[in-house]
Amino acid sequence: MTEPATTPSSPASPASRRILAQAGFEARSILRNGEQLLLSLVLPIIVLLGLSLTGILDVLGLGIGGHSPVAVATSGVLGLAIASTAFTGQAISTGFDRRYGVLRQLATTPLGTTGLIWGKLLAVLLVVAVQFALLGGIALVLGITAPVAHLAVVVAGLLGTAVMLTWGLVLAGTLRAEATLALANLLWVLMASVGGLVVAHDGLWGRLVSWTPSGALGDAMRSAVLDGAIDLRACAVMLAWTLLGLLAARRFFDFDGR
């Protein structure tokens with residue numbers, strides 16, 4: 001008897017192709033989701049317009065320092081956009097993916113856990129680039145005048161995205177989806193209001209929050225937009241928090257969510 005012919009299994013595609021495909025899928029999911037768009041684009045635009053056109057920064061005395069309201073608002077909203085997409089948005093979406101078993105299934109595919117994380121990072125960076133382009137265009141229309149250092153903005157954006165995404169995944173991988181939803185939204189509000197992300201704070205509180213991820217991201221963006229310089233201290237703080245978050249994710253992240 002002759003043995004039945006077998007069809008050889010197709011080799012897995014290269015890791016880079018798998019990661020890029022996952023990144024494209026993740027990015028499209030963010031841009032097609034109404035709630036994600038509200039959080040990532042609509043709210044930052046509203047904050048930018050509100051801070052730039054209403055004079056609220058002057059009324060409250062929040063971190064003008066001789067700069068124009070448009071410039072101050074732009075520096076803060078760029079950081080807020082990163083937190084919206086990389087932290088809150090990813091924490092919520094990943095938390096519910098984990099709850100419904102999507103992460104566990106993806107982790108067993110050739111993509112693997114490492115490819116999944118890299119795919120999320122690339123997708124978030126792509127969306128952040130879209131956010132920066134849109135917010136920057138609006139700031140130009142509003143008449144921003146500031147010595148913006150584009151390299152410093154890129155450095156702050158990359159480090160800010162890394163630290164926010166890392167801790168968003170830690171949150172999503174350790175708490176139930178409902179708790180992640182509530183806490184991620186609460187932390188977004190706190191970072192935007194008193195966390196040094198949108199505006200600088202004076203005194204002891206300002207010094208304390210400057211050592212948090214949100215405060216460091218806010219300081220780095222303000223330095224890049226308002227002063228045209230790289231804030232090395234803030235960058236070092238974000239890098240340290242990113243490494244700490246990676247260790248926490250490696251130790252506590254649960255793909256099953258049970």
Quiz item: Given GLY115, GLY76, which one is in contact (Cβ under 8 Å) with a residue 60 or more places away in the chain, assigned to a helix (DSSP H, G or I), touching a Lys or Arg at 6+ places or on another chain (Cβ under 9 Å) and within 30 Å of SER193 (Cα to Cα)?
Solution: GLY76
Exercise. For the range 181-258, please list each of the helices (runs of 4 or more DSSP H) lying entirely inside it that holds at least 1 residues being in contact (Cβ under 8 Å) with a residue 24 or more places away in the chain, out of contact with any His (no Cβ under 9 Å at 6 or more places or on another chain) and surrounded by 20 or more Cβ atoms within 10 Å (Cβ to Cβ).
Key: 213-222, 232-252
Quiz item: Hey, among the residues in the range 145-178 that are closer than 26 Å to THR114 by Cβ and free of Cβ contacts under 8 Å to residues at least 60 places away in the same chain, which one's surrounded by the fewest Cβ atoms within 10 Å (Cβ to Cβ)?
Solution: VAL154
Practice problem: Output yes when any residue across the range 39-58 is β-branched (Val, Ile, Thr), at pLDDT below 90 and more than 24 Å from the chain's Cα centre (by Cα), and no when none is. | Solution: yes
Quiz item: Out of (1) over 14 Å from the mean Cα position of the chain (by Cα); (2) within 22 Å of HIS201 (Cα to Cα); (3) not in a loop (DSSP other than H, G, I, E, B), the odd one out for GLY66 is which?
Solution: (3)
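Restricting to the range 139-184, count the residues that are at positive phi and either within 20 Å of the chain's Cα centre (by Cα) or basic (Lys, Arg) (or both). Before you say what the answer is, go through the steps one by one.
We begin by selecting, within the range 139-184, every residue at positive phi; these are 143.
Now narrow it down to the ones that are either within 20 Å of the chain's Cα centre (by Cα) or basic (Lys, Arg) (or both): none.
Here the count works out to 0.
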Practice problem: With the condition kept exactly as written, say whether any residue in the range 121-137 is more than 17 Å from the chain's Cα centre (by Cα) and crowded, with 21+ Cβ neighbours inside 10 Å. | Solution: no
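Which residue out of ALA86, ALA152, ALA81, ALA91 is over 20 Å from ARG28 (Cα atoms), assigned to a helix (DSSP H, G or I) and out of contact with any strand residue (DSSP E or B) (no Cβ under 9 Å at 6 or more places or on another chain)?
On the way: ALA86 fails: over 20 Å from ARG28 (Cα atoms); ALA81 fails: over 20 Å from ARG28 (Cα atoms); ALA91 fails: over 20 Å from ARG28 (Cα atoms).
Criteria check complete, one pass: ALA152.
The values are calculated or read from the model by the stated rules, or taken from the named source; none is laboratory data. Source: prediction; values computed, not measured. Heads up, the Cβs are rebuilt from the backbone with ideal geometry, glycines too, and the neighbour counts pull from every protein chain shown.
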